[in-house]
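Data block below; observations after.
The values are calculated or read from the model by the stated rules, or taken from the named source; none is laboratory data. Just so we're clear, the structure is a prediction, and the values are computed from it rather than from any experiment. Cβ coordinates were reconstructed from backbone atoms using ideal geometry, including for glycine residues, and neighbour counts include every protein chain displayed. To get the accessible areas, we keep the full protein, side chains included, count just its heavy atoms, and leave off ligands, DNA and RNA. Shrake-Rupley method; radii C 1.70, N 1.55, O 1.52, S 1.80 Å.
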Amino acid sequence: MTASSIEAADWRSTRPPAELEASSAPEIAVEEVPLCAVCGSDRFASHAVAFDYELQTCRNPWRFVHCNACGHVRLHPRPAVSTLSVIYPPTYYSYHYETDIHPIAVRAKAILDRSKLRGILSALERPPQSYCDVGCGSGRFLRQMAGLGIPRSNIHGLELDAAVLEPLAKEGFRVFAERVEDCREIPDGSLDLVTMFHVIEHVADPGAVIERIAGWLAPGGVFAIETPNLDGLDARLFARTYWGGYHVPRHWNLFRPETLGRMLRDRGLEVVAMRQQTGHSFWMYSLHHWLRFEGHPHPGLARWFDPFQSVAILASFTAFDRLRALLGMRTSAMLLLARRPGGG
Ligand SMILES: [Zn+2]
């Protein structure tokens, strides 16, 4: 038996927490991910083993590995494509739209969104004429950009959940229920700004996605990409299994500024800025999972840290991470701004 197969046998026998074990959650099919998405190396070591603590869609143990050559972290193995409807149940998407969150949180989010867009636009050295949001959800960033005077016919949105796109199409936005890799409607070299918030960690081939987006950008155009940051304090504190940013088994690639920066540069983009982003839900889910599943579970206490049930705590974690960002510390998520060279 080789060293790696002993390690493999060991993590696969990790028992689920009692609550998950007693549930009807199935064991689902997996597929191997032999190569690092950033550098192509096949050498790796174990990073973390975790369960679907958040939605309990399946009972498998899941393992993240880090690449021995470049440090990039990926889920290996990951759910087989045939299981996507299991790990993304019908209720999943609604969790990620603001309609389900408390109205105070919605207003706070709108203010944070505006300041985030202002920061992104400062990297574009001209007024934007065209825009695409990859993973546009119910379209809040599309509407913000329309509010800045960009014609809706130049504002694009991609979202896999076709139902949410209908009203956006009626409002005149150009929306497509397609993956980036399959979308042929956006001409190369045509976009001033592309944003992709918390999508890259879900996709099977992040390099192919970034390459396609880099192609869409006009010379001087900006790509803003946001994803969990493995270097954040919460990621390090809860590294063993409970970090909310693992979002097991739906996050397939996890980055730090160095690995994401390399992936952008390898596709011809210049990284012009890295901003710390707040990640209240990662803090809350980390604490929630720890209280609910570690040792003697505390489900009642854990509920206080469910981001959809506790607006006050959500707000305080946002404030905490925002303060950390102001102090220059590494927070739960990062936003990288990359530019296509040229354009004066
Ligand atoms: Zn690598």
### Angle in degrees between helix 206-216 and the longest Cα principal axis of the chain, rounded to the nearest 10
0 degrees
### Between segment 26-96 and segment 179-216, the alpha-carbon center distance in angstrom
21 Å
### Query
Cα-based Rg (one decimal) and Dmax (whole number) for segment 113-235, in Å?
14.0, 43
#### Entry: Stokes-Einstein diffusion coefficient of segment 3-87, Kirkwood radius over Cα pairs, 25 °C, 0.890 mPa s, in µm²/s
179 µm²/s
### Message
Looking at the calculated P(r) for the chain, what percent of the C-alpha pair distances fall above 38 Å?
### Response
14 percent
### Task
Sort S153, S130, S115 by accessible area with a 1.4 Å probe, largest first.
S153, S115, S130
#### Entry: Where K109, K116, K170 fall by accessible area, highest first, once all protein chains stay in place (1.4 Å)
K170, K109, K116
### Summary
Result for the chain, cysteines with no Cys Cβ partner under 4.7 Å, is C58, C132, C136, C183
#### Entry: Gained length - R303 relative to A22, 0.36 nm times residue gap less alpha-carbon distance
99.2 nm
### Task
Using θ = phi - 60° and the Karplus relation 6.51 cos²θ - 1.76 cosθ + 1.60, list the HN-Hα couplings for segment 124-139 in order, rounded to whole Hz, with x at every Gly or Pro.
8, 8, 7, x, x, 10, 8, 7, 9, 10, 8, x, 7, x, 7, x
### Summary
Ranked output for segments 216-223, 80-87, 257-264 by mean other Cβ atoms within 10 Å, highest leading, reads 216-223, 257-264, 80-87
#### Entry: In degrees, nearest ten, helix 103-121 long axis to first principal axis of the chain (Cα)
60 degrees
### Task
For segment 252-305, with all protein chains present and a 1.4 Å probe, just round the carbon and sulfur fraction of the accessible area to a whole percent.
55 percent
### Query
Using only helices, what value at 222 nm comes out for the chain when you add -39,500 (n - 2.57) per DSSP H run of length 4 or more and divide by the total residues, to the nearest 500 deg cm²/dmol?
-9500 deg cm²/dmol
### Task
Could you state how much accessible area R152 has, in square angstrom rounded to the nearest 10, with a 1.4 Å probe and all protein chains kept in place?
100 Å²
### Query
Around M334, which amide H atoms from residues at least 5 apart in sequence, or from another chain, sit under 5 Å from its own amide H, with H modelled in the peptide plane?
T227, N229, Q277
### Task
On a 0 to 90° scale, report how tilted helix 311-326 is relative to the longest principal axis of the chain, with both axes built from alpha carbons and the result rounded to the nearest 10.
70 degrees
### Query
Roughly speaking, to the nearest percent, how much of segment 3-87's 1.4 Å accessible area is carbon and sulfur?
54 percent
